[in-house]
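Novice: The structure follows.
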Amino acid sequence: MLRSKILNRIRLLKPVIDRRCMSSASKTPLTLLEVDDKSGIATLSLNRPPVNSLNIDLMNSIIESITEIEGNKSRGLILTSANDRVFCAGLDLNELHKPNQERLKEFWAVFQDVWLALHLCSVPTAAAINGHAPAGGCLLATACEYRVMLPQMTIGLNETQFGYMAPKWVMLSYLSVLPRRLAERALTQGKLFTTAEALDVGLVDEIAASKEEALAKCSTFIDSFSKANPLARSLTKKQIREPDVQKLIADRAGDLKECLEYINSPLLQDGLGAYFEALKQKSRSKAGKS
Ligand SMILES: CCCCCCCCC/C=C/C(=O)SCCNC(=O)CCNC(=O)[C@H](O)C(C)(C)COP(=O)(O)OP(=O)(O)OC[C@H]1O[C@@H](n2cnc3c(N)ncnc32)[C@H](O)[C@@H]1OP(=O)(O)O
């Protein structure tokens, strides 16, 4: 009786639609999922070259993997990147720049879903940040319970750098990790923290010299729950995260409407276009040099 009540409560708290994601047309999987048969810990690697930018397919693939991990009784989830330069470059700017409106609505709904799925994931979560993690990449990292980062990388919600404001629920993810005054300053500046700065302010918990060391430190964090009852642990995590989550769930349509208006405004589209062009220019000049 109690168990079914607890399971019901978890279902109520888990607002993400379990979706079976159609795999994308591309041959290589957008996420790689490995479960260590000794530790029972799942490693979920983002695998969308060149920078793991989040489009609809990749975010659906992340959600599908999280659903699988929760279903196969993995003891924990480590989120990392299959490439060694970029953890995740945030939302795919192609989805935001001169967007198809129907697709933009779907894109935003999936963006909300991927945060909810990771933020409320019933198993312990840790991010092995083995590359740069701006904007949406930082959001994935802060949705995890623990963060280990490699040196010489950057992480932060830099939306104001390209003319955007982070949505309320994205700010709440930052505030769940940073003190308010620091979060406000970093958000308004669009600050990208270096690895050392991120450790100093608590945006990341540890630094590792290599990806292997980062994965090991994430596993140690997950092992720290070995004495906790998994169900009680999951309920406790969901209970403490519920107020932030409810702020999004209570008004997903309102959030979508506000974001569509904001993303589509000509001023912001112009700013985003200039930002994206500068990015491409930088990439072309880099390619020219090599
Ligand atoms: C309420 C109101 C609510 C309003 C709601 C508004 C939205 C708010 C929330 C937004 C969240 C976001 O995540 S918006 C996304 C923000 N992301 C960023 O600012 C990161 C931008 N990228 C970078 O800084 C860098 O690429 C970085 C990730 C550090 C990697 O640097 P590298 O030198 O290794 O690689 P680059 O040469 O720069 O890039 C390699 C290629 O990848 C492309 N690329 C890089 N980042 C990309 C991206 N995010 N989307 C698409 N493509 C990207 C480049 O154009 C290059 O393409 P080619 O030219 O073809 O080679």
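Novice: Within the stretch 78-132, restricting attention to residues that are among the hydroxyl-bearing types (Ser, Thr, Tyr) and more than 15 Å from the ligand (Cβ to nearest atom), which residue is surrounded by the fewest Cβ atoms within 10 Å (Cβ to Cβ)? Break it down stepwise before answering.
Specialist: Pass one, the stretch 78-132, residues among the hydroxyl-bearing types (Ser, Thr, Tyr): 80-81, 122, 125.
Next, only the ones that are more than 15 Å from the ligand (Cβ to nearest atom) stay: 80, 122, 125.
Details: Thr80: 22, Ser122: 20, Thr125: 27.
Checked the stretch 78-132; the qualifying residue surrounded by the fewest Cβ atoms within 10 Å (Cβ to Cβ) is Ser122.
Novice: Still on this structure: Return the residue satisfying two criteria in turn: it lies in the stretch 41-85 and is closer than 30 Å to Ser283 by Cα and among the small types (Gly, Ala, Ser), and of such residues it is farthest from the chain's Cα centre (by Cα).
Specialist: That would be Ala82.
Novice: Determine which member of the set Gln281, Gln246 is surrounded by 11 or more Cβ atoms within 10 Å (Cβ to Cβ) and not acidic (Asp, Glu).
Specialist: Values: Gln281 fails: surrounded by 11 or more Cβ atoms within 10 Å (Cβ to Cβ).
Gln246 is the lone residue from the list that is surrounded by 11 or more Cβ atoms within 10 Å (Cβ to Cβ) and not acidic (Asp, Glu).
Novice: Moving to a separate point now. Select from the stretch 31-50 the residues that are free of Cβ contacts under 8 Å to residues at least 40 places away in the same chain and within 14 Å of the ligand (Cβ to nearest atom) and write down the one among them that is surrounded by the fewest Cβ atoms within 10 Å (Cβ to Cβ).
Specialist: Filtering first and then ranking leaves Pro50.
Novice: Given the options Asp84, Asp57, Asp92, name the one that is touching a Ser or Thr at 6+ places or on another chain (Cβ under 6 Å) and farther than 21 Å from Trp169 by Cβ.
Specialist: Numbers: Asp84 fails: touching a Ser or Thr at 6+ places or on another chain (Cβ under 6 Å); Asp92 fails: farther than 21 Å from Trp169 by Cβ.
Every option except Asp57 fails the conditions.
Novice: Looking at the stretch 161-180, which of the residues that are near the ligand (Cβ under 7 Å from one of its atoms) and not in a helix (DSSP H, G or I) is farthest from Ala274 (Cα to Cα)?
Specialist: If we take residues in the stretch 161-180 being near the ligand (Cβ under 7 Å from one of its atoms) and not in a helix (DSSP H, G or I), then Pro167 is farthest from Ala274 (Cα to Cα).
Novice: Let me spell it out: the conditions are (1) away from the ligand (no atom under 16 Å from the Cβ); (2) touching a residue at least 12 places away in the same chain (Cβ under 8 Å); (3) more than 27 Å from Leu175 (Cβ to Cβ), and Leu279 meets all of them except one. Which number is the exception?
Specialist: Of (1) away from the ligand (no atom under 16 Å from the Cβ); (2) touching a residue at least 12 places away in the same chain (Cβ under 8 Å); (3) more than 27 Å from Leu175 (Cβ to Cβ), only one is false for Leu279: (1).
Novice: Right, another one. Using the structure shown, decide if Thr220 is on the phi < 0 side of the Ramachandran plot, more than 16 Å from the ligand (Cβ to nearest atom), surrounded by fewer than 19 Cβ atoms within 10 Å (Cβ to Cβ) and outside any loop (DSSP other than H, G, I, E, B).
Specialist: On the way: on the phi < 0 side of the Ramachandran plot: yes; more than 16 Å from the ligand (Cβ to nearest atom): yes; surrounded by fewer than 19 Cβ atoms within 10 Å (Cβ to Cβ): yes; outside any loop (DSSP other than H, G, I, E, B): yes.
When the stated conditions are applied, Thr220 passes them.
Novice: If we keep just the residues of the stretch 186-197 that are assigned to a helix (DSSP H, G or I) and touching a residue at least 40 places away in the same chain (Cβ under 8 Å), which is nearest to Gly137 (Cα to Cα)? Write out each step before concluding.
Specialist: Residues of the stretch 186-197 assigned to a helix (DSSP H, G or I): 186-189, 195-197.
If we keep only those that are touching a residue at least 40 places away in the same chain (Cβ under 8 Å) too, we end up with 195-196.
Working: Thr195: 14, Ala196: 18 Å.
Out of the qualifying residues, it is Thr195.
Novice: Okay, moving on. Scan the stretch 149-168 residue by residue and report those that are closer than 18 Å to Asp244 by Cα and crowded, with 21+ Cβ neighbours inside 10 Å.
Specialist: Of everything in the stretch 149-168, those that are closer than 18 Å to Asp244 by Cα and crowded, with 21+ Cβ neighbours inside 10 Å turn out to be Leu157, Pro167.
Novice: Give the residue that is nearest to the ligand (Cβ to nearest atom), with candidates limited to residues of the stretch 51-73 that are at pLDDT 95 or above, part of a loop (DSSP other than H, G, I, E, B) and of a type outside the set (A, V, I, L, M).
Specialist: Among them, the one singled out is Ser53.
Novice: Of the conditions (1) surrounded by 13 or more Cβ atoms within 10 Å (Cβ to Cβ); (2) closer than 25 Å to Leu116 by Cα, Thr195 fails just one. Which one is it?
Specialist: (2)
Novice: Kindly evaluate Asp200 against the criterion of being free of Cβ contacts under 8 Å to residues at least 60 places away in the same chain, charged (D, E, K, R), surrounded by fewer than 17 Cβ atoms within 10 Å (Cβ to Cβ) and over 26 Å from Leu150 (Cα atoms).
Specialist: Values: free of Cβ contacts under 8 Å to residues at least 60 places away in the same chain: yes; charged (D, E, K, R): yes; surrounded by fewer than 17 Cβ atoms within 10 Å (Cβ to Cβ): yes; over 26 Å from Leu150 (Cα atoms): no.
For Asp200, the condition - free of Cβ contacts under 8 Å to residues at least 60 places away in the same chain, charged (D, E, K, R), surrounded by fewer than 17 Cβ atoms within 10 Å (Cβ to Cβ) and over 26 Å from Leu150 (Cα atoms) - is not met.
Novice: Same structure, new question: Taking the stretch 233-276 as the search range and keeping residues that are over 24 Å from the mean Cα position of the chain (by Cα) and more than 12 Å from the ligand (Cβ to nearest atom), which one is farthest from Leu104 (Cα to Cα)?
Specialist: Ranking the qualifying residues of the stretch 233-276, first place goes to Ala274.
The values are calculated or read from the model by the stated rules, or taken from the named source; none is laboratory data. Worth saying up front: this structure is predicted, and the values here are computed from it rather than measured. Every residue, glycine as well, gets a Cβ built from its backbone with ideal geometry; the counts of neighbours run over all protein chains shown.
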